[in-house]
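Contents: one structure, followed by commentary.
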Amino acid sequence: MVARVYITLKPGVLDPAGKAVESSLHTLGFQEVGSVRLGKYIELQLPDGDGAAARARVEEMCRKLLANTVVENYRVELQGER
Amino acid sequence: MKVGIVVFPGSNCDEDTLHVVRDVFGRPAELIWHKEHDLHRADYVVLPGGFSYGDYLRCGAIARFSPVMDEVVAFARRGGPVLGICNGFQILTEAGLLPGALLLNAGQRFLGRDVLLRADGRPSRFTGGLSRTARYRLPIAHMDGRYFIDEEGHRRLEGEGGVLFRYADDNPNGSLGAIAGVVNEAGNVAGLMPHPERNAEPVLGNLDGRTVFAALLGS
């Protein structure tokens, strides 16, 4: 089973790197782009088994280490869950 | 008073801090390797600057789980004084010992230069003897120094006078409220982004770092 973790800055937290990408896209002619927010993508290999239990473990990992919940949100997707 | 300076893999201001505490202030001091479960009977703990664990994931995110941090947290909970400088400040916020977080500089660049700092907040063991009207010139050296805290946390922090230092005149990294250093509610854990250990001797330009570091140590 694979867990995919997406970590994003909370809305309202300034993302200067996202701003730079946004301005670069505009320079390249992609005027349709509104705002750009950068985040992190983390892939975790897990043993096959109970999806709910795995999800609970991954969320614990997010709260403890993978995300800083003071400034970041996280979202977990499981692939290959039974 | 004995000062313990924690060394994480990637710390790079540990020896400077040791030198200043020992040779400038004449205090007994020791380095403490992060794998240890013992603070060497230190009465004051410093988490120095650097790039612990290569700043992987987030600055300070991995260092906060180093074995010695169990002892640092317990020491802080007992009221022991803990100071974080730069990366040490980041580690203390990651560990939840200080409120808020330190994010990528608003200008997205590493900043290595002097800033002007002013002491603020309620009277504390870390800022006694510092003038409220003076400007202290201290070096900064960081990529992730933009202090951030949510609105409610910010109100609380300002309300309790927990902002110990602010950038005066210009705000180099976009920190909320120009916050450069904070203290916890109990008053025994503090962190700041500038490096007082880097200008604590005449040969290094000015002695403002010495003045600020002396206050931080309570000497």
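Bear in mind these aren't lab numbers, they're just calculated from the coordinates by the rules spelled out. Quick caveat, the model's predicted, so the values are computed rather than measured. Here the Cβ is made from the backbone with ideal geometry for all residues, glycine too, and neighbour counts use every protein chain on show.
Quick one: helix A:51-61 against the long Cα principal axis of chain A, what's the angle to the nearest 10°, folded into 0 to 90?
60
With no solvent and one point on each alpha carbon, what is the Debye value of log10 I(q)/I(0) for the range B:87-145 at q = 0.20 Å⁻¹?
-0.99
Please list, or write none, the lysines whose alpha carbon is within less than 24 Å of the alpha carbon of residue B:35, excluding same-chain residues fewer than 8 places away.
Leaving aside lysines fewer than 8 places away in the same chain, those within reach of residue B:35 are A:64, B:2.
Take peptide B:106-114, look around each residue's Cβ out to 10 angstrom, count Cβ atoms belonging to other protein chains, and average those counts.
Average per residue, whole number: 1.
Work out the mean other chain Cβ neighbour count within 10 Å for the residues of B:56-64 and drop it here as an integer.
Average per residue, whole number: 3.
Suppose every Lys and Arg Cβ carries +1 and every Asp and Glu Cβ carries -1, with no other charges. What dipole size does the protein assembly as shown come out with about its Cα centre, to the nearest 20 debye?
460
Where does each of B:21-27, B:69-75 land if you order them by average Cβ count within 10 Å, highest first?
Ranked by mean Cβ neighbours within 10 Å, highest first: B:69-75, B:21-27.
May I ask you to derive the relative contact order of chain B, considering only C-alpha pairs under 8 Å and at least 6 residues apart, and to give it as an integer percent?
19
Using the alpha carbon gyration tensor of chain A, what are the three equivalent-ellipsoid semi-axes (square root of 5 times each eigenvalue), largest first, in whole Å?
31, 15, 8
Check cross-link reach from residue A:19 to the lysines: straight Cα distance under 20 Å, and skip same-chain residues fewer than eight apart.
By straight Cα distance, residue A:19 reaches A:10, A:40.
Over all directions, average the projected area of the Cα convex hull of the range B:40-110 and note it in nm².
5.0
By Kyte-Doolittle mean hydropathy of at least 1.0 and Cα axial length of at least 15 Å, which whole DSSP H helices of chain B are selected?
Helix filter hits for chain B: none.
If the protein assembly as shown were replaced by its equivalent ellipsoid, with semi-axes equal to the square roots of 5 times the Cα gyration tensor eigenvalues, what would those be, largest first, whole Å?
Values for the protein assembly as shown, descending: 35, 24, 17 Å.
In Å and on Cα atoms, what radius of gyration and Dmax does the range B:143-184 show?
9.9, 28
Percent relative contact order of the range B:172-219, based on C-alpha pairs within less than 8 angstrom and at least six residues apart?
About 21 percent, as a whole number.
How long are the semi-axes of the ellipsoid equivalent to the range B:74-219, from square roots of 5 times the Cα gyration tensor eigenvalues, in whole Å, largest first?
21, 19, 14
Under the definition of partner shielding as Cβ atoms of other protein chains within 10 Å of a residue Cβ, what is the mean value for peptide A:61-71?
For peptide A:61-71, the averaged partner shielding equals 4.
In what sequence, highest mean first, do B:5-14, A:32-41, B:116-125 appear when ranked by Cβ atoms within 10 angstrom?
Put in order of decreasing packing, that is B:5-14, B:116-125, A:32-41.
Residues with beta-carbon under 15 Å from that of residue B:67, excluding residue B:67: net charge, scoring Lys, Arg +1 and Asp, Glu -1?
For residues surrounding residue B:67, the net value is -2.
Where does helix A:16-27 land angle-wise versus the long Cα axis of chain A, in degrees 0 to 90, nearest 10?
50
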